[in-house]
Amino acid sequence: QVSPRLRTPRLPVWLCSVLGRHSVLFGTDSRLLSDWKSERIFHLYFYSGQQEQTQTAHLTIDTHSHHWEEAQREDPCSPGKRCPALEMAIRTKWAGATINWNGTDPLF
């Protein structure tokens with residue numbers, strides 16, 4: 001029997017397998033589970049447990065870009081550039097999201 005809290009978590013948690021490595025992507029805002037309006041700008045944390053990751057990565061996700069910002073910013077995942085696999089995984093849920101690593105080096 002699975003506990004109801006495991007079936008319906010109080011905070012958003014995703015178990016990831018990125019490039020064959022298992023990791024956890026989680027948020028501390030429970031509104032992400034029930035209020036789609038809270039998905040405008042929010043924070044997620046990423047931990048892989050790998051030796052090269054010395055601290056949990058704090059990511060800021062912005063799911064709404066403005067048309068006047070598109071011309072000013074260059075897409076970091078444009079052809080010919082490397083895009084972190086985690087960013088690609090996040091964009092499977094939030095297509096077109098802008099992901100800020102907040103000073104942490106992106107994990108490829």
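What follows is calculated from the coordinates using simple rules that are stated; it is not laboratory data. The model shown is predicted, which means the values in this text are computed figures rather than measured ones. Please note: Cβ atoms are built from the backbone with ideal geometry, for glycine as well, and neighbour counts cover all protein chains shown.
Express in nm, to one decimal, how much length is gained between residue 3 and residue 41 on full extension, taking 0.36 nm for each residue of separation and deducting their alpha carbon distance.
So the extension gain works out to 10.6 nm.
So for the pair residue 24, residue 93, with labels modelled 7 Å out along Cα→Cβ, what separation do we get in nm?
1.4
Report the local net charge at residue 29: Lys and Arg +1, Asp and Glu -1, summed over other residues whose C-beta lies under 13 Å from its C-beta. It would help to have the intermediate numbers written out before the result.
Values: positive: 10, 31, 37, 40; negative: 35, 39.
Taking every other residue near residue 29 into account, the sum is +2.
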